[in-house]
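Values in this text are rule-based calculations from the coordinates and carry no lab data. Nothing here was measured: the structure is a model prediction, and the numbers come from that model. In this analysis, Cβ positions are derived from the backbone assuming ideal geometry, glycine residues included, and neighbour counts consider all displayed protein chains.
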Amino acid sequence: MAIDSQALASIIERWGSRTSFTSPLLDMSHSEERCLTISTSEKVCYMHLFDNGLQRAEALEIGSEADILYYAIEWLGSAVDTPIYIKGHYKCNSLLKKYFKTVVCE
């Protein structure tokens, strides 16, 4: 992850070797199937496209559910049968279900 060098130095100074960083981009759940996974925070969605292994992964800025739908359509195109697993933005579930056959909230 990108982090300011002074911020990183402060974190390491305070917590030392106990410091570790992680990202939703490291989550490889569902990696052995063809699917799209979406994990959201307030302003970012982390998307993975799998097809028996990772094909694409990105952190994308969002402002509303419409942004998540836009990215899903951009990534999957007409592959409406591809399952979508979503975490963290449950309002988006019903919107995605209008366009994709299988949307699972985790």
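I'd like the antiparallel share, as a percent to the nearest 5, of DSSP beta bridges with both residues in the chain. Counting only bridges with both partners in the chain, antiparallel ones make up about 65 percent. Inter-part distance, the range 91-106 to the range 47-61, computed on C-alpha centroids, equals 18 Å. Among the chymotrypsin sites (Phe, Trp or Tyr not before Pro) within the range 1-97, those in coil by DSSP and having at most 16 neighbouring Cβ atoms inside 10 Å are 21, 90.
Full extension of the segment from residue 99 to residue 55, taken as 0.36 nm per residue of separation minus the current Cα-Cα distance, would add 13.7 nm. Only Cα sites of the range 6-67 enter the Debye sum here, all with the same form factor; the resulting log10 I(q)/I(0) across q = 0.26 1/Å is -0.97, listed in q order. Here the Karplus relation 6.51 cos²θ - 1.76 cosθ + 1.60, evaluated at θ = phi - 60°, turns the backbone of the range 89-106 into coupling constants of 9, 5, 5, 6, 3, 5, 5, 5, 5, 6, 10, 10, 6, 10, 10, 10, 7, 10 Hz, with x for every Gly and Pro.
The H on the amide N of residue 103, modeled in the peptide plane, is under 5 Å from the matching H of 84, each at least 5 residues off or on a different chain.
Neighbour counts of other Cβ atoms within 10 Å put 48, 30, 89 in the fewest-to-most order 30, 89, 48. The modelled label-to-label distance between residue 74 and residue 3, using points 7 Å beyond Cα along the C-beta direction, is 2.8 nm. Other residues with beta-carbon under 14 Å from the beta-carbon of residue 98 carry, at +1 per Lys or Arg and -1 per Asp or Glu, a net charge of +2.
Could you work out the percent of alpha carbon pairs in the range 23-105 separated by over 19 Å, rounded to a whole number?
26 percent
Only aspartates and glutamates eight or more places from residue 43 in sequence, or on another chain, were considered; those with a Cα closer than 17 Å are 58, 61, 65, 67.
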